[in-house]
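The structure under discussion appears below in the form of structure tokens.
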Amino acid sequence: MPQTVISISTRGQGLYEFTEAAQDFVRRQQAGEGLLTVFVRHTSCSLIIQENADPDVRRDLKTFFSRLVPPADHSEMSWVTHTTEGPDDMPAHIKAALTAASLGIPVTGGRLMLGTWQGIYLFEHRDRPHVREVVLHLSP
């Protein structure tokens, strides 16, 4: 079963689309039908399928999660004890726990069966830039 690891460089919190990289992997396998499993190898970022047409959606999602789980140095997060890596670390773990570490996407006719406006995103929850690894695995 074909598998690869792609690296995604982030510049801080936000959504980073990698739909084309996933589609290119599927295309190279010449798969007819199957299931693409996408898995992120980190605990402070996550994966989501979201609209890729209007950048306001990405901006609003980032704002929503920042308001839902603010940095640990804000008063409403005073209960946080895991702060060794900075005030954005534990909130990043919480955001990752609320979203997904893996996704399953059907493949038909060698194409991802995403909707017209759907894209696959790495959702970076940390402030600093990172290089994130995402595993793509195609099952028949």
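The values are calculated or read from the model by the stated rules, or taken from the named source; none is laboratory data. Since the structure is predicted, the reported quantities are computational estimates derived from the model, not experimental observations. Quick reminder, even Gly has a Cβ in these numbers, built from the backbone with ideal geometry, and neighbours come from all protein chains shown.
Quick one: which residue in Glu124, Glu133 is modelled with pLDDT of 95 or more and in contact with a Cys (Cβ under 6 Å, 6 or more places away or on another chain)? So that I can check it myself, show each step before the final result.
Working: Glu133 fails: in contact with a Cys (Cβ under 6 Å, 6 or more places away or on another chain).
None of the other options fit; the residue is Glu124.
Residues of the range 108-140 being closer than 23 Å to Ala53 by Cβ, under 17 Å from the mean Cα position of the chain (by Cα) and not in a strand (DSSP E or B), which ones?
Leu114, Trp117
Within the range 88-107, can you find the residues that are touching a helix residue (DSSP H, G or I) at 6+ places or on another chain (Cβ under 9 Å), part of a helix (DSSP H, G or I) and not charged (D, E, K, R)?
Initially, the range 88-107 is screened for residues touching a helix residue (DSSP H, G or I) at 6+ places or on another chain (Cβ under 9 Å), giving 90-91, 94-95, 98-99, 105, 107.
Subsequent filtering for residues that are part of a helix (DSSP H, G or I) retains 90-91, 94-95, 98.
The answer is Met90, Pro91, Ile94, Leu98.
So which residues in the range 23-73 are free of Cβ contacts under 8 Å to residues at least 40 places away in the same chain, of a type in the set (A, V, I, L, M, F, W, C) and surrounded by fewer than 19 Cβ atoms within 10 Å (Cβ to Cβ), if there are any at all?
Val57, Phe64, Leu68
Ala96 passes all but one of (1) surrounded by 15 or more Cβ atoms within 10 Å (Cβ to Cβ); (2) in contact with a Leu (Cβ under 8 Å, 6 or more places away or on another chain); which number fails?
If we test Ala96 against (1) surrounded by 15 or more Cβ atoms within 10 Å (Cβ to Cβ); (2) in contact with a Leu (Cβ under 8 Å, 6 or more places away or on another chain), just (2) comes out false.
May I ask you to list the residues in the range 23-37 that are part of a strand (DSSP E or B), touching a Leu at 6+ places or on another chain (Cβ under 8 Å) and either more than 16 Å from Tyr121 (Cα to Cα) or among the β-branched types (Val, Ile, Thr) (or both)?
Let us first name the residues in the range 23-37 that are part of a strand (DSSP E or B), namely 33-37.
Subsequent filtering for residues that are touching a Leu at 6+ places or on another chain (Cβ under 8 Å) retains 34-37.
If the condition is that a residue be part of a strand (DSSP E or B), touching a Leu at 6+ places or on another chain (Cβ under 8 Å) and either more than 16 Å from Tyr121 (Cα to Cα) or among the β-branched types (Val, Ile, Thr) (or both), then Gly34, Leu35, Thr37 are the ones that fit.
Check the range 67-74 and report whether any residue there is touching a strand residue (DSSP E or B) at 6+ places or on another chain (Cβ under 8 Å) and among the hydrophobic types (A, V, I, L, M, F, W, C). Talk me through it step by step, then tell me what you get.
Of all residues in the range 67-74, those touching a strand residue (DSSP E or B) at 6+ places or on another chain (Cβ under 8 Å) come to none.
Taking every residue of the range 67-74 in turn, none turns out to be touching a strand residue (DSSP E or B) at 6+ places or on another chain (Cβ under 8 Å) and among the hydrophobic types (A, V, I, L, M, F, W, C).
Would you mind stating whether Thr99 is β-branched (Val, Ile, Thr) and free of Cβ contacts under 8 Å to residues at least 12 places away in the same chain?
Working: β-branched (Val, Ile, Thr): yes; free of Cβ contacts under 8 Å to residues at least 12 places away in the same chain: no.
No: the conditions fail for Thr99.
Kindly indicate which of Glu76, Glu20, Glu85 is under 19 Å from the mean Cα position of the chain (by Cα), loosely packed, with under 14 Cβ neighbours inside 10 Å and either in a loop (DSSP other than H, G, I, E, B) or among the acidic types (Asp, Glu) (or both).
Values: Glu76 fails: under 19 Å from the mean Cα position of the chain (by Cα); Glu85 fails: under 19 Å from the mean Cα position of the chain (by Cα).
Exactly one residue qualifies, and that residue is Glu20.
Say we look at the range 44-73 and pick out the residues that are of a type in the set (D, E, K, R) and not in a helix (DSSP H, G or I); which of these is nearest to Met113 (Cα to Cα)? Spell out how you get there, then give the answer.
Going residue by residue through the range 44-73, those that are of a type in the set (D, E, K, R) are 51, 54, 56, 58-60, 62, 67, 73.
Checking the rest, the ones that are also not in a helix (DSSP H, G or I) come to 51, 54, 73.
Working: Glu51: 14, Asp54: 20, Asp73: 42 Å.
Across the range 44-73, the extreme among qualifying residues is Glu51.
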